[in-house]
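J.: The structure is given below, and queries will be raised subsequently.
The values are calculated or read from the model by the stated rules, or taken from the named source; none is laboratory data. Just so it is clear, the structure is predicted and the values come from calculations on it, not from any experiment. Heads up, the Cβs are rebuilt from the backbone with ideal geometry, glycines too, and the neighbour counts pull from every protein chain shown. Ligands, DNA and RNA are stripped out before the accessible areas are found, and what is left, the full protein with its side chains, is counted by its heavy atoms. Shrake-Rupley method; radii C 1.70, N 1.55, O 1.52, S 1.80 Å.
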There are 4 protein chains.
Amino acid sequence: MKIFEGIIAYPITPFDQSEKVDISLFQSLTERLVQAGAGGIAPLGSTGVLPYLQDDEKEAVTLAALQQVNGRVPVLVGVSHLTTERTIHHARFAEKAGATAVMIIPMSYWKLTEEEIFRHYDRVASQLSIPIMAYNNPATGGIDMSPALLKRLLEIPNVTMIKESTGDIQRMHYLRKALGEEVTFYNGSNPLALAAFAAGASGWCTAAFNLIPELNNQLYAAIRKNDLAQAQALFYRQFELLQFIVAKGLPAAIQAGLKIQGIESGYLRSPLQELNPADYQRLVQLLNAVN
Amino acid sequence: MKIFEGIIAYPITPFDQSEKVDISLFQSLTERLVQAGAGGIAPLGSTGVLPYLQDDEKEAVTLAALQQVNGRVPVLVGVSHLTTERTIHHARFAEKAGATAVMIIPMSYWKLTEEEIFRHYDRVASQLSIPIMAYNNPATGGIDMSPALLKRLLEIPNVTMIKESTGDIQRMHYLRKALGEEVTFYNGSNPLALAAFAAGASGWCTAAFNLIPELNNQLYAAIRKNDLAQAQALFYRQFELLQFIVAKGLPAAIQAGLKIQGIESGYLRSPLQELNPADYQRLVQLLNAVN
Amino acid sequence: MKIFEGIIAYPITPFDQSEKVDISLFQSLTERLVQAGAGGIAPLGSTGVLPYLQDDEKEAVTLAALQQVNGRVPVLVGVSHLTTERTIHHARFAEKAGATAVMIIPMSYWKLTEEEIFRHYDRVASQLSIPIMAYNNPATGGIDMSPALLKRLLEIPNVTMIKESTGDIQRMHYLRKALGEEVTFYNGSNPLALAAFAAGASGWCTAAFNLIPELNNQLYAAIRKNDLAQAQALFYRQFELLQFIVAKGLPAAIQAGLKIQGIESGYLRSPLQELNPADYQRLVQLLNAVN
Amino acid sequence: MKIFEGIIAYPITPFDQSEKVDISLFQSLTERLVQAGAGGIAPLGSTGVLPYLQDDEKEAVTLAALQQVNGRVPVLVGVSHLTTERTIHHARFAEKAGATAVMIIPMSYWKLTEEEIFRHYDRVASQLSIPIMAYNNPATGGIDMSPALLKRLLEIPNVTMIKESTGDIQRMHYLRKALGEEVTFYNGSNPLALAAFAAGASGWCTAAFNLIPELNNQLYAAIRKNDLAQAQALFYRQFELLQFIVAKGLPAAIQAGLKIQGIESGYLRSPLQELNPADYQRLVQLLNAVN
């Protein structure tokens, strides 16, 4: 049994005008995702601007997410930090608070060796009893874990899932081939959604679910029905929107997209800035086109 | 009606021990591809080491291919050259000899501007009446044509097909989305075969057909039947072999693979060298595994 | 008058065995740098593992550095943070504590637009009266500021210095040419030391000064005497060591190098790990070779 | 004794309006370079569009260059070709015609392994008695030879010189350090001229000598006098022009620059096109600025 299947939805972390986390708004945005049929909720991901939050803010968001979801779907909490000690701290906090699993990306300032990365995961895992999803996203975290290293991480008992966000479909082919059908890997690159499902991904980790949950769900349903033609058609309906939100940065793009759809979405934390007017208009067009 | 569909097979250009082109062996290798059910034959591609041949050798191979195929399937002749004048020369030669279409990659020593590339295609096209397949493969040709430039090339009347070999599935998504379902694009990156068909590619240009024609055909058949699960299973059976032949270079890998399968495949032309013993043994294993 | 000239030395931040900052050891290591003739001291740089420290640790290190240096040479305090608010906080803290200037690298998780970067610097600068050194180092910070953007940052009143660490000498040529002889740019790429001085850099920001202060100073002296032949000879004496410490990561390499030289240097904070035995032996050889 | 020192000048290969090689114009352009004080003449380099010429054209240019120079300075003839057999052919032709040395870049369509590259050089060298300059320029040839491979090539008896054109100054530092002061390496990256001389390059291989021979010679003279300050000033006078001609492609930029200076320079061979009007005007400004 896989813990997460289908679409794992990533809420944004909204801020008020003075750039403080707005917990109440966060909870209502999270509620929308649950009600739209997400296969899981993932607070404090890249979309949730985890690295831009202080320790106490991370804890407040973790508690708020778990309280709101209240067991209706599994919850995957982001707990990544530059230091091993702080990663352990947040991972244990999430476990105690009731998280189903935690997601960890090896963040970098100094590039880590493979040994340093392995030890980092191993030390965190040794302090936890819930599963860990190892998350590879060099574009944000600054470290590119090779498929071979990801395979090695799966030797750590509770590292049981991989989220691959490089956008290189060959990575997934390798993982599936090297690890067999039992491995649970997830796609974190939005424009790769169709190719990743075709390659056998167990699910799609996406912030797009904030804006187009039905299209996301329908794509996954077509895949489950083994209907490639329909999946392809559904994918191309959302492709340009997926490209756009990735190109503009998920926090700003989702915050704007929600606003366009009439949903309160708060403010961003500096240095992140809202979409410029031209990008905002483009997003209006893209959302009109898919609806 | 699309000229080429399914698997377009790329024969190697075999040499004798003194590194001269072996036309008779080339014809028997081409015959195998036709009989194995190729949807088209493409002599003088990258696999056919086009740029390593002298003008008269290119002409001899063109004639030999057309004579051997003898109209049973369409023939796509590679005519690329660094200069526009020589490209026109070879394209016209192919047309006169009876080629169904020509394939052109913009070869580079000096990087060409988009304008230079467009004029190159435009001038060649103006001298031809048969269709042109624009071929993008920066790893060999040294120039990366953006999807936007490829789209622009399609404005030239007889540039009607695109072969994309970057291995980046997003290029194909863009082409399909920007050009509509009518555009005819082909995948030239072997490990992308499944993802490209999922994205809507009309065909797969591959040298793998020299070694595993049944698996290639079966994958295409599964796609035609809209059976993603079967296509995925078939793809993963050949995936490691596809990776291997690309990683080692198609001319050397195919030459060795044929030999392993008991088929005479001649010699390579220097500086290209045969697979080293370790790679050869790995290929033996991979071929055993798929058969 | 330039605030910093010659060699600006970067102390490491040492930890005790339980990975807590060892302030007293930090002060003795800083004292060595002053006594060895550094042209400036730069605590909380990349070498000082700034991003791996908690807020209170950063403040303690800032105070300790300023107390120890005690006005003998100018002090450049690293105050970079992912958020604008925290950057302002640390910059103001450094100013109040008596820092001569602050150094800011635009750290990234989400890639920032040029506008976001400019606003980040501008907002921080508006809250400060001491000068800012804008620091470009995509290998650590994850953002590559173009020479044109760096030039634009200099329009902000108290952004008066640039530290370029890409290792691309052309960036420095551009800066010098675009900004005139009055611009103050510093080299932060150790193996570029000779080329950067030849290009007109005002100084060299380096952790190597922890290990080979005399060689660093002699290279700068030769440049001041306009003696290229001697500068070249001195550079090649230290080149392999410079390459090594960059390749292995400055915190681990300097910590090991000090130990090899019989100087207490503490421990690293995880996930950063000490040099492996082979690298340690190589460093022993390199240090023997230069002394 | 080094064969080539100082500035090695690269003539363009001019064409007439029908894109045929204009041998007589080539000779007059070559004569200018000799009279301007070049330390050597290098026909059939990248600037001389070697790969765009047919075999008989290469031979005609070789003969014309040697006849024109007539022993006044050493001549370095480009003889690179994709195949080993044709490289040997042209190298032997150059030797018989009286070339001082030949320059060879490993051209690629299929990426070559290090072993294939080594054997290529070794086989060519075994057929020659004059020295070979191994030329590394991945931007044109498509293959990046590591410093370690370049070092290995120097084990082949008559491979005695290296021309490094990656623009990465660290390559030169490595070569000098790994090979000692006796190694003869040349810089082929124009904007690296100052840094390369500072690093100990024996000479500068440049097409800029067609346009600004005095500035090129003066820079070299300042280096010979160990006057870094003067070399730096002279370098910055020509830096923007050097950047420009590299960015626009040497054949088109030099052809235009000569025309601007009132010197007949013929036409280019397609697909290479002349500078567009905006670039042409920019070159007018740059040439005015240096004169």
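J.: Taking amide H positions as placed 1.01 Å from N in the peptide plane, with prolines and chain starts having none, which residues 5 or more places from residue D:7, or on another chain, fall under 5 Å of its amide H?
T.: Amide H neighbours of residue D:7, under 5 Å, 5+ apart: D:39, D:204.
J.: Right, another one. When chain A is treated as a GNM, springs tying every alpha-carbon pair under 10 Å, which of A:58, A:96, A:151 comes out with the largest mean-square fluctuation?
T.: So, out of A:58, A:96, A:151, the one fluctuating most is A:96.
J.: Which residues, if any, in the stretch D:129-163 lose at least 30 square angstrom of accessible heavy-atom surface (probe 1.4 Å) when the other protein chains sit next to their chain rather than the chain being alone?
T.: D:139, D:140
J.: Across peptide C:263-270, how many C-beta atoms of other chains are within 10 Å of each residue C-beta, on average?
T.: Taking the mean over all residues of the peptide, I get 2.
J.: When Cβ neighbours within 10 Å are restricted to other protein chains, what is their mean count per residue of peptide D:110-123?
T.: What the average comes to for D:110-123 is 4.
J.: Where a Cα-Cα gap under 13 Å defines reach, which aspartates and glutamates qualify for residue A:225, not counting those fewer than 8 residues away within the same chain?
T.: The qualifying aspartates and glutamates are B:227.
J.: Antiparallel versus total DSSP beta bridges in the protein assembly as shown: what percent is that, nearest 5?
T.: Roughly 10 percent of the DSSP beta bridges within the protein assembly as shown come out antiparallel.
J.: Using θ = phi - 60° and the Karplus relation 6.51 cos²θ - 1.76 cosθ + 1.60, list the HN-Hα couplings for the stretch D:121-128 in order, rounded to whole Hz, with x at every Gly or Pro.
T.: Listing the rounded values in order: 4, 5, 5, 5, 4, 5, 9, 10 Hz.
J.: Further question: Pulled fully out, how much extra length does the chain show between residue B:36 and residue B:214, if you take 0.36 nm times their separation in residues and subtract their Cα-Cα distance? Walk me through the numbers on the way to the answer.
T.: Details: separation 178, 0.36 × 178 = 64.08 nm, distance 0.76 nm.
Once the chain is fully extended between residue B:36 and residue B:214, it gains 63.3 nm.
J.: List the residues, sorted by chain then number, that are 5 or more residues from residue B:161 or on another chain and whose placed amide H is less than 5 Å from its amide H.
T.: B:132, B:134
J.: Further, regarding this structure: Once phi is turned into θ = phi - 60°, what whole-Hz ³J(HN,Hα) does the Karplus curve with 6.51, -1.76 and 1.60 give for every residue of the stretch B:228-237, x standing for Gly and Pro?
T.: Each residue's phi maps through the Karplus curve to give 5, 4, 5, 4, 4, 4, 5, 4, 5, 5 Hz.
J.: Relative contact order of the stretch B:61-127: what whole-number percent is it, with Cα pairs under 8 angstrom and at least 6 residues apart?
T.: Across the stretch B:61-127, relative contact order equals 35 percent.
J.: Right, next: Under a point-charge model restricted to the Cβ atoms of Lys and Arg (+1) and Asp and Glu (-1), what is the dipole moment magnitude of the protein assembly as shown relative to its Cα centre, in debye to the nearest 20?
T.: 0 debye
J.: Tell me, what is the percent relative contact order of the stretch B:6-233, built from C-alpha pairs under 8 Å that lie six or more residues apart?
T.: 19 percent
J.: Still on this structure: Probe 1.4 Å, all protein chains in place: accessible area of residue C:279 in Å², nearest 10?
T.: Looks like 30 Å² after rounding.
J.: Rounded to the nearest 20 debye, what is the charge dipole size of the stretch D:6-233 about its Cα centre when +1 sits on each Lys and Arg Cβ and -1 on each Asp and Glu Cβ?
T.: 460 debye
J.: Any idea which of A:66, A:81, A:35 is furthest toward the positive side of the dipole for the stretch A:26-81, if Lys and Arg beta-carbons carry +1 and Asp and Glu beta-carbons -1?
T.: The one lying farthest along the dipole's positive direction is A:35.
J.: Would you mind telling me the antiparallel percentage of the DSSP bridges in the stretch A:6-236, rounded to 5?
T.: The answer is about 5 percent antiparallel.
J.: Something else about it: Can you give the FRET efficiency to the nearest 0.05 for residue D:221 and residue D:158, using r as the Cβ-Cβ distance and R₀ = 41 Å?
T.: Numbers: r = 31 Å, r/R0 = 0.75.
Calculated transfer efficiency: 0.85.
J.: Now, a different point. When the accessible area of chain C is split by element with a 1.4 Å probe, what percent falls to carbon and sulfur?
T.: On chain C, the fraction of accessible area on carbon and sulfur atoms equals 49 percent.
J.: Here's another thing I want to ask about it. Applying 1/(1 + (r/R0)^6) with R0 = 35 Å to the Cβ-Cβ distance of residue A:129 and residue B:236, what FRET efficiency is obtained, to the nearest 0.05?
T.: 0.55
J.: Provide the per-residue ³J(HN,Hα) series for the stretch A:254-262, in order, calculated from phi with Karplus coefficients 6.51, -1.76, 1.60 and θ = phi - 60°, each as a whole number of Hz, with x at glycine and proline positions.
T.: So the J values, rounded to whole Hz, are 6, 4, 5, x, 4, 4, 4, 7, x.
J.: Let me ask something else about it. Nearest 500 deg cm²/dmol is fine: what mean residue ellipticity at 222 nm does the protein assembly as shown get from its DSSP H runs of n ≥ 4 alone, each adding -39,500 (n - 2.57), divided by its residue count?
T.: The per-residue figure over the protein assembly as shown is -15000 deg cm²/dmol.
J.: Where does each of A:189, B:129 land when they are ordered by accessible area, with a 1.4 Å probe and the largest first?
T.: Largest accessible area first, the residues go B:129, A:189.
J.: If you take the accessible area of A alone, add that of C alone, and subtract the area of the pair, what total do you get in Å², probe 1.4 Å, to the nearest 100?
T.: Working: alone 12620 and 12620 Å², together 22190 Å².
About 3100 Å² of accessible surface is lost on pairing.
J.: I'd like the mean, over residues of B:193-199, of how many other protein chain beta carbons sit within 10 Å of each residue's own Cβ.
T.: The mean count of partner-chain Cβ atoms within 10 Å per residue comes to 6.
J.: Hey, could you get me the Stokes-Einstein D for chain B, Kirkwood radius over alpha-carbon pairs, 4 °C and 1.567 mPa s, rounded to whole µm² s⁻¹?
T.: Diffusion coefficient, whole number: 68 µm²/s.
J.: Something else about it: Could you report the accessible area of residue D:204 in Å², rounded to 10, computed with a 1.4 Å probe on the protein chains as they sit in the structure?
T.: 0 Å²
J.: Taking H placed 1.01 Å from N in the peptide plane, check which residues at least 5 places from residue C:107 or on another chain put their amide H under 5 Å from its amide H.
T.: Amide H neighbours of residue C:107, under 5 Å, 5+ apart: C:81.
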